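What follows is a single structure, written as structure tokens, with notes after it.
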Amino acid sequence: MSADNLKAKSSAAIQNCASDLYDLSQEIWKNPELAFKEHRAHQVLTDFLEKQGFRVDRHYKLDTAFRAVCGEEGGLHVCVICEYDALPGIGHGCGHNLIAEVGVATGIAIKEVIQDFQQPVKLTVMGTPAEEAGGGKNFLIQDGCFKDVDFAMMAHPFTYNISRWRCLAIITLEVTYKGEASHPAYQTWQGTNALDAAVLCYSNISVLRQQMRPHHQVHGIIENGGTHPDIIPSETTLRFYLRAHTETELKNLEKSVVGCVESAAIATGCQVEYSFKRDASKYSNLIQNNTLATLYERNAEVLGVTNCPDKSVTGAVSGSTDMGNVTHVVPGIHPMFALPTDASIHSRNFTLQAGTLESQPYALNQAKALAMTAIDVICQPQLMDTIRVEFQQDLAND
Ligand SMILES: NCCC[C@H](NC(=O)CCN)C(=O)O
């Protein structure tokens, strides 16, 4: 069967399941669950994939992770990724119900044609919890879950179609100032004000922002600003996210921020403790594989999706994802696809849009485009050589 016929057959499989896929997505959307607690989403996704004939490894390494496999060893191993965690207070404001749906739909589409290829193909639909906080994919990476994967793909709903989203490396900084409690209206001189230190730290970073490189970002909150207006705060805590294009740039940004943190302690006479969280919550920048991205763009174009060519938009819009870490261990793509809204992700309006029937064709188109991309690579296995070379070059240049 020609690649075009395989693509048509795989797209038809998605269309045939459209109503079930919408129900699946709705079930997740109506029951938002936070990082590592996505039990209901995990249940409906694994049930659905099992019904579709996948061999499902429920609770794969993590309680709410899964692996659904079809096909055979001995050829390419394609991995499609699902996310399904929600945000506190606003539910699926990042549209992960649609990411899960796209992942499952892509799996169905590739499975439909998996026996038609000239060589064996293994397909894994990987369920990855806790993207918004916690870095579920990083636990899976540490456990070697991507070791035999040739390439990985997922798609994320957004406000624009951006095939090569330049997404940033991110690290969390936690800061604690310790001072001395006293009455703020009596012997104030006996107190050492940890809230002043927190405010100065926050202000220092705000001032630093003007001198930062474009795309470097620091944003945060005062988590604990004291206990009572009538007690000089003796302890305060802050939490910041630092982001930059690469790990090296992130290191430089860390140094500047440390200056802001330490100087606030000196100015106020407080003690300071701070730590950068070098754990699963640290996300790498996303490396979009050029060959995979080019194939995806062509396939999306055929389906009527025009990816944003405007560098001023693609350059200015960033964020982070633990898919970034995946693209440092295997080649991958993570296109962003537009829903019919101008709402920002992580807003209530985006939550509403992610649950509409109106958004369905946009999600299903992505699943078709991802499946078509996998079909292109499977039908032209020599492309895998180029993909691997690019992958090594990208890592070396990162
Ligand atoms: N602590 C990780 C934050 C990840 C978060 N990701 C997104 O917003 C986009 C994908 N869901 C971020 O703030 O970048």
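The values are calculated or read from the model by the stated rules, or taken from the named source; none is laboratory data. Just so we're clear, the structure is a prediction, and the values are computed from it rather than from any experiment. Note that each Cβ is placed from the backbone with ideal geometry, even for glycine, and that neighbours are counted across all protein chains shown. SASA here: full protein model, heavy atoms, side chains in, ligands and nucleic acids out. Shrake-Rupley method; radii C 1.70, N 1.55, O 1.52, S 1.80 Å.
Within region 96-133, if we keep just the residues that are surrounded by fewer than 24 Cβ atoms within 10 Å (Cβ to Cβ) and over 19 Å from Gly53 (Cβ atoms), the residue that is farthest from the ligand (Cβ to nearest atom) turns out to be Gln118. Going by the structure shown, is Leu339 open to solvent by less than 10 Å² (accessible area, probe 1.4 Å) and at pLDDT 95 or above? Here the answer is yes, as Leu339 does meet what is asked.
Residues to consider are Thr306, Thr351, Thr291, Thr314; find the one that is assigned to a helix (DSSP H, G or I), at pLDDT below 95 and outside the structural domain of Thr248 (by TED's automatic domain parsing). Going through Thr306, Thr351, Thr291, Thr314 in turn, the sole match is Thr314. Considering Lys277, Lys251, the condition of being under 24 Å from Lys137 (Cα atoms), within 16 Å of the ligand (Cβ to nearest atom) and open to solvent by 30 Å² or more (accessible area, probe 1.4 Å) is satisfied by Lys277 alone.
Would you mind stating whether Ala354 is under 24 Å from Pro120 (Cβ atoms), touching a helix residue (DSSP H, G or I) at 6+ places or on another chain (Cβ under 7 Å), open to solvent by less than 40 Å² (accessible area, probe 1.4 Å) and not β-branched (Val, Ile, Thr)?
When the stated conditions are applied, Ala354 does not pass them.
Scanning region 141-183 for residues that are within 16 Å of the ligand (Cβ to nearest atom) and aliphatic (A, V, I, L, M) yields Ile141, Ala152, Met153, Met154, Ala155, Ile162, Leu168, Ala169, Ile170, Ile171, Leu173. Screening Met323 against (1) surrounded by fewer than 20 Cβ atoms within 10 Å (Cβ to Cβ); (2) modelled with pLDDT of 95 or more; (3) within 16 Å of the ligand (Cβ to nearest atom); (4) of a type outside the set (Val, Ile, Thr) leaves a single unmet condition, (1).
Looking only at region 205-229, count how many residues are β-branched (Val, Ile, Thr), within 18 Å of Ser318 (Cα to Cα) and open to solvent by 50 Å² or more (accessible area, probe 1.4 Å). If you could, list the steps in order and put the result at the bottom.
Just the residues of region 205-229 that are β-branched (Val, Ile, Thr), to begin with: 205, 207, 218, 221-222, 227.
Checking which are within 18 Å of Ser318 (Cα to Cα) leaves us with 218.
Add one more test, that the residue is open to solvent by 50 Å² or more (accessible area, probe 1.4 Å), and what stays is none.
So the answer is 0.
Does any residue of region 48-56 turn out to be under 22 Å from Ala152 (Cα atoms) and in contact with a His (Cβ under 7 Å, 6 or more places away or on another chain)? There is no residue in region 48-56 that is under 22 Å from Ala152 (Cα atoms) and in contact with a His (Cβ under 7 Å, 6 or more places away or on another chain).
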